[in-house]
């Protein structure tokens, strides 16, 4: 019985390292350049991309109305 417990303990220890292995950098944050502009109103800063300029103006107007 004692020998069986020893063998099972060694097996658990040997397989534990394999099961806990992770790939280095798997969840690494990847930075990229975000090219946006800012519309500054009296109370808000609205950040937008060039293609969304008209929508950003509408959003800035609506934000100041509330």
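The values are calculated or read from the model by the stated rules, or taken from the named source; none is laboratory data. Values in this document were obtained by computation on a predicted structure and should not be read as measured data. FYI the Cβ positions are ideal-geometry reconstructions off the backbone, even for glycines, and counts take in every protein chain you see.
Determine, yes or no, whether residue 8 is surrounded by 10 or more Cβ atoms within 10 Å (Cβ to Cβ), at pLDDT below 95, part of a helix (DSSP H, G or I) and more than 26 Å from the chain's Cα centre (by Cα). Yes: the conditions hold for residue 8.
Inspection of the stretch 21-29 finds no residue satisfying the criterion of being modelled with pLDDT of 95 or more and loosely packed, with under 10 Cβ neighbours inside 10 Å.
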